[in-house]
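The values are calculated or read from the model by the stated rules, or taken from the named source; none is laboratory data. On a predicted model such as this, the values are computed, not experimentally measured, just so you know. When we count neighbours, we look across all protein chains shown, and the Cβ atoms used for this are built from the backbone with ideal geometry, even at glycine. To get the accessible areas, we keep the full protein, side chains included, count just its heavy atoms, and leave off ligands, DNA and RNA. Shrake-Rupley method; radii C 1.70, N 1.55, O 1.52, S 1.80 Å.
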Amino acid sequence: MIRRLIALFCLLLLPGLAAAQERVVNVYNWSDYIDPYAVQRFMRETGIRVRYDVYDSLETLEGKLSAGRSGYDIIVPTSEPSFARLLRAGALAPLDRARLPNWRNLDARLMARVAEIDPGNQHGAIYLWGTVGLGLRLDRIRAIAPDLALDGLDVLFKPENAARLARCGIMVMDSATDVLPSALRWAGRDPNAHALEDLRAAEQTLMGIRRHVRAIIPAGAILDALANGEACVALTYSGDVIQAKARAEEAGRGVEIGYVAPRQGAQLWFDMLAIPADAPNKDAAHDFINFLLRPDVMAGITNHVRYPNAVPASLAAVDVAVREDRNVYPDEAMLAASFVASTPPREIERARSRLWSRFKAGR
Ligand code: N2P
């Protein structure tokens, strides 16, 4: 009898106790930006439950964070402008290195690049990085415009090219932050210039092709559109194109996708693992970051999402085809030609977002 009572007691009480002690980490990351197996493994190995939400533009991430109390423990902002801006606003927690033994796996040269905005790398570790460029549906473009040189942003931004390719689907990711620098560079301007005259040049570039653009949509939707053949030319993030290429190959319906990094020099970006200052589960967040910085885990992520990481020891376990793909890991010449976005002052940011609204509306 007593034993049965104890059993009943345990049955009623233990789940409650377990729930009270359950550890959780709330992750807010880009869409299509992790190996699902890594998340499963983390949960299995640590017993920490991962609640996972996604965004697909810096505008969305910053909007969520600037309202405060996002409830997230991990966010993945691009070093500039978003990470820099959040840091300046006091919205990021300093990282406790004592809880991050795998920090030593990080590439010191890459981390030095982001130390310019985060002295001593106190608030963030590079997760993945990449470029902004064009996803092209090669089979259709070859049929429509066999003579077209597919080596840079001319394919999209030269109005006569856009006109030729319009009927097979031109798309641009919906992000002023990650599109304007490439438009400025193509227009022969400093990609980080923000005099009114420069913004006007960027606007002219975008408006010049506007009527040929079928969709200005979130990067995640562009990935899908490339993979299923609906997009023919799309300005978006490198690894998203390479993921779309892999998906299209798998589907085996003859959709052939290629990535082109702008010949004039591509926008290069670094996405940072960071913890919001008001994160409710900072311990679990540190455990999650430390787990991601393991070479075997990082290799699985790069293999899955086709973005380079900042853990050199992971390379040995990265598939040769991914490691040797210059669209994933740019070579020295591509890196030398590339540029990194800076953080525009607030009033310029407003002018840029008004410009973007006009581009979206087409007037
Ligand atoms: C992932 C998007 C890559 C992040 N789908 C761009 N910083």
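Can you pull out every residue in the stretch 42-62 that is more than 16 Å from the ligand (Cβ to nearest atom) and open to solvent by 40 Å² or more (accessible area, probe 1.4 Å)?
Met43, Arg44, Glu45, Thr46, Gly47, Arg49, Arg51 - these are the residues of the stretch 42-62 that are more than 16 Å from the ligand (Cβ to nearest atom) and open to solvent by 40 Å² or more (accessible area, probe 1.4 Å).
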Candidate set from the stretch 155-180 (those that are among the acidic types (Asp, Glu) and in contact (Cβ under 8 Å) with a residue 60 or more places away in the chain); member that is most open to solvent (accessible area, probe 1.4 Å): Asp174
Strands (runs of 3 or more DSSP E) lying entirely in the stretch 226-325 (those with 3 or more residues that are more than 15 Å from the ligand (Cβ to nearest atom) and within 22 Å of Met111 (Cα to Cα)): none
So Asp147, is it over 14 Å from the mean Cα position of the chain (by Cα), of a type outside the set (S, T, N, Q) and modelled with pLDDT under 95: no
Hey, Leu196 more than 16 Å from the ligand (Cβ to nearest atom) and within 29 Å of Val255 (Cβ to Cβ) or not: no
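For every residue, the table says whether it meets (1) closer than 13 Å to Leu180 by Cβ; (2) at pLDDT below 95; (3) of a type outside the set (Ser, Thr, Tyr).
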| site | (1), (2), (3) |
| --- | --- |
| Val318 | no, no, yes |
| Val322 | no, no, yes |
| Val340 | no, no, yes |
| Ala351 | yes, no, yes |
| Trp356 | yes, no, yes |
| Arg363 | no, yes, yes |
Any hit, the stretch 186-196, residues being more than 18 Å from Ala351 (Cβ to Cβ), in contact with a Cys (Cβ under 7 Å, 6 or more places away or on another chain) and assigned by TED's automatic domain parsing to the domain that holds Ala163: no
All positions within the stretch 113-133 that are over 14 Å from Phe270 (Cα atoms) and within 15 Å of the ligand (Cβ to nearest atom): Gly133
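Working carefully through the options Val297, Val328, Val311, Val340, find the one that is open to solvent by 20 Å² or more (accessible area, probe 1.4 Å), hydrophobic (A, V, I, L, M, F, W, C) and under 24 Å from Tyr55 (Cβ atoms). Please lay out each step first, then the result.
Numbers: Val297 fails: open to solvent by 20 Å² or more (accessible area, probe 1.4 Å); Val328 fails: open to solvent by 20 Å² or more (accessible area, probe 1.4 Å); Val311 fails: open to solvent by 20 Å² or more (accessible area, probe 1.4 Å).
Only one candidate passes the filter, namely Val340.
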Test: Val27 is open to solvent by less than 70 Å² (accessible area, probe 1.4 Å), within 16 Å of the ligand (Cβ to nearest atom) and in contact (Cβ under 8 Å) with a residue 24 or more places away in the chain: yes
Whichever residue in the stretch 66-82 is farther than 20 Å from Tyr52 by Cβ and within 16 Å of the ligand (Cβ to nearest atom) and, among such residues, is most open to solvent (accessible area, probe 1.4 Å): Glu80
Search result, residues across the stretch 236-262 that are in contact with a helix residue (DSSP H, G or I) (Cβ under 8 Å, 6 or more places away or on another chain) and either farther than 23 Å from Ile217 by Cβ or surrounded by fewer than 18 Cβ atoms within 10 Å (Cβ to Cβ) (or both): Arg247, Ala251, Gly254, Glu256, Gly258
Candidates Leu293, Leu335 - the one that is aliphatic (A, V, I, L, M) and within 30 Å of Ile217 (Cα to Cα): Leu335
